[in-house]
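Enquirer: Please read through the structure below; I'll follow up with questions.
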Amino acid sequence: MSSIRNSLHRRNHKERSQLVNRKRLGILEKHKDYVQRAKDFNEKKEKIKRLKQKVVDRNKDEFYFGMVNQRTKNGVHYRDRGNTSLPVDLVKILKSQDEGYLRTIRTKNLK
């Protein structure tokens, strides 16, 4: 008996739409949307809580060698990336090599 009942087509229950006088408020949030939003909110809250706890547990007197190249500007950390400008004569050589490469490729494509 139960197999006959399970094989019969069951009615799909449709979700309610937003009422006409509430259309100005946008689409009606469904339960699955609420669950997803609440889960995301709670994950973010937990992450912020863990980060705050990490700050509390941090030892301010601890030294890392990464601190040697770090600078702060208005409380924001900036790290020296070690980039230095190339000498002018080296830049001229590199540019001439680039031009030569482009010239050979262009002549190769014209053939």
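The values are calculated or read from the model by the stated rules, or taken from the named source; none is laboratory data. Model, not experiment: these values are computed from the prediction. Note: ideal-geometry Cβ built from the backbone for every residue, glycine included; neighbour counts use all protein chains shown. For accessibility, only protein heavy atoms count, side chains too; no ligands or nucleic acids. Shrake-Rupley method; radii C 1.70, N 1.55, O 1.52, S 1.80 Å.
Enquirer: Of the cross-linked pairs LYS14/LYS45; LYS39/LYS73; LYS52/LYS73, which ones have a Cα-Cα span greater than 31 Å in the structure shown?
Expert: LYS14/LYS45; LYS39/LYS73
Enquirer: What fraction, in whole percent, of alpha-carbon pairs in the stretch 64-111 exceed 14 Å separation?
Expert: 71 percent
Enquirer: Still on this structure, I have one more. Can you give the calculated 222 nm mean residue ellipticity of the chain, where each DSSP H run of n ≥ 4 adds -39,500 (n - 2.57) and the sum is split over every residue, rounded to the nearest 500 deg cm²/dmol?
Expert: Using -39500 (n - 2.57) per qualifying helix, the result is -17000 deg cm²/dmol.
Enquirer: Once you've got the GNM for the chain with C-alpha springs shorter than 10 Å, pick whichever of ILE27, ILE48, ILE93 has the biggest mean-square fluctuation.
Expert: ILE93
Enquirer: Apply the Debye scattering formula to the chain, with a single equal point scatterer on each alpha-carbon and no solvent, then give log10 I(q)/I(0) at q = 0.15 Å⁻¹.
Expert: Log10 I(q)/I(0), no solvent term: -0.99.
Enquirer: Taking R0 as 35 Å, what's the FRET efficiency between LYS23 and ARG79 from their Cβ-Cβ distance, rounded to 0.05?
Expert: Given R0 = 35 Å and the Cβ-Cβ separation, E is 0.10.
Enquirer: On to the next question. For the residue pair HIS9 and ASN59, what label-to-label distance in nm results when each label sits 7 Å from Cα along the Cα-to-beta-carbon direction?
Expert: 7.1 nm
Enquirer: How many percent of the accessible area of the chain is carbon or sulfur, using a 1.4 Å probe?
Expert: Using a 1.4 Å probe with all protein chains present, the chain comes out at 55 percent carbon and sulfur.
Enquirer: Before I look further, what does the chain give for accessible area per residue, probe 1.4 Å, in whole square angstrom?
Expert: On a per-residue basis, the chain sits at 109 Å².
Enquirer: Here is a further query. Taking only Cα atoms, what is the 0 to 90° angle, nearest 10, from helix 31-57's long axis to the longest principal axis of the chain?
Expert: 50 degrees
Enquirer: Can you tell me the 0 to 90 degree angle between the C-alpha axis of helix 88-110 and the longest principal axis of the chain, rounded to 10?
Expert: Compared with the principal axis, the helix lies near 70 degrees.
Enquirer: Given a Förster distance of 41 Å, report the FRET efficiency between LYS45 and ASN69 from their Cβ-Cβ distance, rounded to the nearest 0.05.
Expert: With R0 = 41 Å, the Cβ-Cβ based efficiency is 0.75.
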